[in-house]
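The values are calculated or read from the model by the stated rules, or taken from the named source; none is laboratory data. Bear in mind that the values here come from a model prediction, so they are computed numbers and not experimental data. No Cβ is skipped: glycine too gets one built from the backbone with ideal geometry, and neighbour counts run over all protein chains shown. Just the protein is used for accessible areas: all its heavy atoms, side chains included, with ligands, DNA and RNA removed. Shrake-Rupley method; radii C 1.70, N 1.55, O 1.52, S 1.80 Å.
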Amino acid sequence: MKANSLKRILALILCVFSVLSSPLMIFATVSSQDQQKIDEYEKKQEELQEKIDAAQAEIDKLKENIQDKEKYASQLAGQIDNFQAQIDVLNTRIDDLEGQKSAIQEKIDALDIEIAGIEEDIQENEEQVEKTEGEISDVYHKLQDRIRENYVNGATSDLELLLDFDNDCDFSTYLIISEINQRRAKNDEELVTTLNEDIAKLEILNDEYELMIDTIEVKRDEHQVQVDELNLKENEIVVSRSKLEDSQDDLKTLQQEAYLYIKQLDAQSATYEKLVKSYEADIKAFDDKIDAIVNAASRGDGNVSSKPGGFIWPLQYSDVYISSSYGYRYDPISGVYKLHGGTDTCCWSGTMGKSVRASASGTVIISTWHNAYGYYVGIDHGNGIVTIYAHNSALNVSVGQKVSQGDIVAYAGSTGYSTGAHCHFEVRVNGTKVNPTGYASLPN
Ligand SMILES: [Zn+2]
């Protein structure tokens with residue numbers, strides 16, 4: 001519903017109310033038949049007024065309710081946007097974490113391969129150590145045998161030294177043996193060389209072993225660090241996902257609520273539109289009723305039997321001028337090309353409040369508010385001739401009142417469909433709007 005039409009309707013309500021509550025409906029000299037008609041008309045107007053008032057109250061209430069709902073719905077929309085943004089942030093965060101997680105997993109996989117490689121190397125090293133130790137043991141036993149042989153030949157000191165050793169000698173033992181071997185170089189050169197080579201090989205294997213053990217420890221530590229990191233990321237993802245679910249639940253709740261409000265709003269708006277339409281129909285019915293009265297009179301139903309004299313212009317001022325002639329024109333309010341059924345006149349010195357006079361003698365048949373004419377007066381001159389004076393600021397006569405030519409019937413204004421103060425003067429002959437300048441002339 002446009003604010004303009006609401007304003008118009010409100011203004012109309014106020015005007016109708018003031019007309020109905022004014023003493024303009026008091027009739028002085030009317031026949032009982034006319035009185036009955038007037039009473040009926042008044043009653044119908046009152047009924048319409050009540051309907052219009054009730055509709056207006058309902059329209060106001062609905063409008064307020066709709067505004068509240070619109071406000072709340074827009075708040076909900078704001079909240080929905082917030083949750084949507086939160087969800088977007090959380091989804092981005094989860095994607096990021098998943099990315100980090102797979103990078104860590106790759107590192108762990110690479111470390112696993114490295115560790116497995118080193119473990120293989122260690123196993124190989126251990127096998128070589130075992131083999132080398134076996135060789136050393138063989139050579140050692142051969143040397144023992146040789147020493148025993150030497151003992152038979154008289155060399156004893158070395159035998160004593162060697163007898164203390166077991167077959168499973170440790171590294172320092174091999175060093176001692178090496179020294180012995182040096183002394184026996186002459187006789188056992190070949191054996192000693194082999195032994196020395198094996199010992200050197202063992203030494204290298206030992207060093208390699210130490211290094212590999214150190215490396216694998218470092219790699220395993222690194223592996224653990226990455227696994228811990230991975231667990232952290234996984235926990236973070238779990239937390240983010242649970243937040244995401246909460247936000248999505250909240251969002252769903254809000255969306256449902258908003259949907260409900262919009263549905264209610266739509267229903268109320270439809271009711272509102274319907275109400276406004278029936279309200280406007282009531283107003284039109286109101287206008288139609290008064291139009292019917294005017295038309296009935298101008299079709300010769302008027303009860304004035306005397307023939308009217310010459311007609312005078314309702315604005316009796318020397319500075320009066322025509323602001324809009326009778327005839328087809330683009331309507332200044334609606335923009336529609338249609339008949340302008342009267343002549344509009346203004347005064348150069350200002351039109352607002354100027355006296356509007358009866359064009360000829362007759363009976364007032366209408367003196368009320370009209371949606372388009374504003375405050376207007378209709379006079380029945382008999383012989384099917386009715387004059388109308390519209391857009392006034394105030395009325396000066398009542399229905400049923402007899403008026404003489406030149407009597408002040410209203411004061412000029414800009415009520416109804418009007419863009420500025422002027423007097424719309426209309427002449428109807430047997431229901432047809434004719435050019436008023438054919439009946440009356442503007443004063444000189
Ligand atoms: Zn006009």
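Among the residues of this structure, Leu97 does not count as one that is out of contact with any His (no Cβ under 9 Å at 6 or more places or on another chain), part of a helix (DSSP H, G or I), at pLDDT below 85 and not small (Gly, Ala, Ser). The number of residues in the stretch 204-228 that are open to solvent by less than 70 Å² (accessible area, probe 1.4 Å) and closer than 22 Å to Glu98 by Cβ comes to 3.
Of all residues in the stretch 280-291, those that are farther than 14 Å from Lys43 by Cβ have Cβ atoms under 8 Å from Cβ atoms of residues that are charged (D, E, K, R), 6 or more apart or on another chain, in Asp282/Lys51. One residue stands out in the stretch 318-334 among those that are within 11 Å of the ligand (Cβ to nearest atom), assigned to a loop (DSSP other than H, G, I, E, B) and of a type outside the set (D, E, K, R): the one that is surrounded by the most Cβ atoms within 10 Å (Cβ to Cβ), namely Tyr326. Restricting the first member to the stretch 329-349 and to residues that are not assigned by TED's automatic domain parsing to the domain that holds Leu442, and the second to residues that are away from the ligand (no atom under 11 Å from the Cβ), no beta-carbon pair is closer than 7 Å while six or more apart or on different chains.
Considering the stretch 335-361, and only residues there that are more than 16 Å from Ser414 (Cβ to Cβ), open to solvent by 50 Å² or more (accessible area, probe 1.4 Å) and among the aliphatic types (A, V, I, L, M), the residue that is farthest from the ligand (Cβ to nearest atom) turns out to be Val336.
With respect to the conditions (1) of a type outside the set (Ser, Thr, Tyr); (2) open to solvent by less than 10 Å² (accessible area, probe 1.4 Å); (3) within 13 Å of the ligand (Cβ to nearest atom); (4) modelled with pLDDT of 95 or more, Gly374 lacks only one, and its number is (4).
Of the strands (runs of 3 or more DSSP E) lying entirely inside the stretch 395-444, those carrying at least 3 residues that are within 16 Å of the ligand (Cβ to nearest atom) and open to solvent by less than 30 Å² (accessible area, probe 1.4 Å) are 423-429.
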